[in-house]
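See structure below.
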Amino acid sequence: MRNAFLFIAGIVVGLAVDAAVAQNQSPNRGLVGMNHVGIAVPNLDQAVTFYTKTLGFPEAFRSVDEKGNVALVYVQISKNTFVELQPANGRPLGMNHFGIHVENMAQVASMFKQRGANISETRVSPTKAILSNITDLNGVRIELAELPPESQHRQAMERWK
């Protein structure tokens, strides 16, 4: 009886390990998850007040351009999830992109290029994130973001309690 129990327990453990290994072999290796949604707003100060005061999402960081104007403000929903608020500055109002956190930009860019996606050149943003973009068939921009330790994104994630 004991041998039968051990045999069945071994099969169950083996199947669990096999399932776990299969999950790590996703066809989208290197994608950590959804990181943020970018929204163009007509009045940045009012939008920041709404998201921080009304909704209670803390401001994680902001970035200014070379003239000292606020280029974007990130508010933090959870440890790994943000809303990026940007002044519209002539762009259409509303969602203009979503961001995906990636582990290694070179590997992820290569994976998507092999699948036929048109990927922009990789660059380092003023927030120190390593970025690249894909535009889907409907014109939606998908921002790929590698977040090294010096990036404002990663620093906000590490501060989260």
Next on the checklist: I'm checking my understanding of the structure. Among residues of the range 125-147 that are of a type outside the set (A, V, I, L, M, F, W, C) and buried (at least 20 other Cβ atoms within 10 Å of the Cβ), which one is farthest from LYS79 (Cα to Cα)?
Outcome noted: SER132
Item to check | Yes/no for GLU150 being loosely packed, with under 15 Cβ neighbours inside 10 Å, acidic (Asp, Glu) and touching a Lys or Arg at 6+ places or on another chain (Cβ under 9 Å) | outcome: yes
Checklist entry - Pairs, please: C-beta under 7 Å, at least 6 apart or cross-chain, first residue over 19 Å from ARG62 (Cβ atoms) and free of Cβ contacts under 8 Å to residues at least 40 places away in the same chain and in the range 129-153, second surrounded by fewer than 17 Cβ atoms within 10 Å (Cβ to Cβ) and β-branched (Val, Ile, Thr)? => result ILE130/THR122; ILE130/VAL124; SER132/THR122; ASN133/ILE142; ILE134/ILE142; ASP136/ILE142
Checklist entry - Looking only at the range 116-140, which residues are of a type in the set (A, V, I, L, M) and closer than 16 Å to VAL37 by Cβ? => result ALA129, LEU131, ILE134, VAL140
Next on the checklist: Among the numbered criteria (1) at pLDDT 95 or above; (2) within 26 Å of PRO27 (Cα to Cα); (3) over 11 Å from the mean Cα position of the chain (by Cα), which one does GLU150 miss?
Outcome noted: (2)
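The values are calculated or read from the model by the stated rules, or taken from the named source; none is laboratory data. Predicted, not measured: the structure shown is a model, and the values here were computed from it. Cβ sites come from the backbone with ideal geometry, for glycine too, and all protein chains shown count toward neighbours.
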